[in-house]
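Worksheet: the structure to be examined is printed underneath.
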Amino acid sequence: MNHSLLTELDTILDLLTDYVEAGYRRQRPTAIAAARYDGAAPVALSAGDRAAELRELEQQVRCCTLCPLHQGRTHGVPGIGVLDPLVMVIGEGPGAEEDHKGEPFVGSAGRYLDKWLAAVELSRSSNVYITNIVKCRPPNNRDPLPSESQACAPYLARQIELVRPRAILSVGRVAAQLLLQKEDGIGKLRGRSWKYRDIPLVATYHPSAVLRNDQWRRPVWEDLKRLRELLDSSS
Ligand code: URA
């Protein structure tokens, strides 16, 4: 059987599965990913084109039905901040306040995160973009399931390409493990710098965990200083 016939059969099978399981045609992560991200070197886009595509992606996130998390959401939470930021902050997933407002990190953890960022001259209004691994709130703030993170992964991969951060700050175990493809806890993953593709990445504790355990304040400060040094040495 030739390749194009196989691809067509595959598409028909996908459509049938959609109609049987969901009663409508679902968006497919691979379709979104393949449309613009196929693992090849990204096409050079102007800042204007990147901004337009990012707005389109954010719109897709708001009406996404790729995984069951959409059933419980008030708002999908794509991300917020500037293009070409110094830092992209990546958290785990929206909580209740984020779900309510459609913006990431707007609750108590978010206010604390803003203080961390300000301490190293960063802010979501001038030089940061903030997003999460999953864009819809997991029930009772549980960890996202692997299938949910996987369904959302093409959005994050494309956001990183479009936003083009100079560095990434991942907060919490879930984001660090997924971005670095490691199973170690955050205590092991923090304290050094990594690369996500070619982008320097610093992993630290989640602000909501530090609000509950202040023994992690000092390591977070060390991680933030590492991030700042990394930015200063690359400018
Ligand atoms: N925690 C996260 O990981 N992300 C948010 O957006 C809010 C809280």
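The values are calculated or read from the model by the stated rules, or taken from the named source; none is laboratory data. Predicted model, so just to flag it, every value in this text is computed and none were measured. As a convention, Cβ positions derive from the backbone with ideal geometry for all residues, glycine included, and neighbour counts pool all protein chains shown. In case anyone asks, the SASA skips ligands and DNA or RNA and just uses the protein heavy atoms, side chains included. Shrake-Rupley method; radii C 1.70, N 1.55, O 1.52, S 1.80 Å.
What the table shows:
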{"item": "Complete set of residues in region 102-122 that are part of a helix (DSSP H, G or I) and open to solvent by 50 Å² or more (accessible area, probe 1.4 Å)", "result": "Ser108, Arg111, Asp114, Lys115, Ala118, Ala119"}
{"item": "Every residue from region 74-96 that is in a loop (DSSP other than H, G, I, E, B), of a type in the set (Gly, Ala, Ser) and within 10 Å of the ligand (Cβ to nearest atom)", "result": "Gly79, Gly93, Gly95"}
{"item": "Positions within region 97-115 being over 17 Å from the mean Cα position of the chain (by Cα), under 20 Å from Ala209 (Cα atoms) and either of a type in the set (Ser, Thr, Tyr) or within 13 Å of the ligand (Cβ to nearest atom) (or both), in sequence order", "result": "Glu97, Gly107, Ser108, Arg111, Tyr112, Asp114"}
{"item": "Failed item, numbered, when Val210 is tested on (1) assigned to a loop (DSSP other than H, G, I, E, B); (2) surrounded by 20 or more Cβ atoms within 10 Å (Cβ to Cβ)", "result": "(1)"}
{"item": "In region 146-159, residue farthest from Trp221 (Cα to Cα) [restricted to those that are surrounded by fewer than 20 Cβ atoms within 10 Å (Cβ to Cβ) and in contact (Cβ under 8 Å) with a residue 12 or more places away in the chain]", "result": "Ser147"}
{"item": "Residue within region 215-222 that is without any contact (Cβ under 8 Å) to a residue 40 or more places away in the chain, within 17 Å of Val174 (Cβ to Cβ) and open to solvent by less than 30 Å² (accessible area, probe 1.4 Å) present", "result": "no"}
{"item": "Close pairs (7 angstrom Cβ cut-off, 6 or more residues apart or separate chains): more than 21 Å from Thr74 (Cα to Cα) in region 101-122, open to solvent by 60 Å² or more (accessible area, probe 1.4 Å) and modelled with pLDDT of 95 or more anywhere", "result": "Tyr112/Leu211"}
{"item": "Checklist (1) surrounded by 14 or more Cβ atoms within 10 Å (Cβ to Cβ); (2) at pLDDT below 95 applied to Asn141, failing item", "result": "(1)"}
{"item": "Qualifying residue in region 161-181 (condition: without any contact (Cβ under 8 Å) to a residue 12 or more places away in the chain and open to solvent by 10 Å² or more (accessible area, probe 1.4 Å))", "result": "yes"}
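Residues are listed down the side, and each one gets a yes or a no for (1) more than 22 Å from Gly102 (Cβ to Cβ); (2) away from the ligand (no atom under 16 Å from the Cβ):
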site: Ile130; (1), (2): no, no
site: Arg137; (1), (2): no, no
site: Asn141; (1), (2): no, no
site: Ala157; (1), (2): no, yes
site: Asp184; (1), (2): yes, yes
site: Arg192; (1), (2): yes, yes
site: Thr204; (1), (2): yes, no
site: Leu224; (1), (2): yes, yes
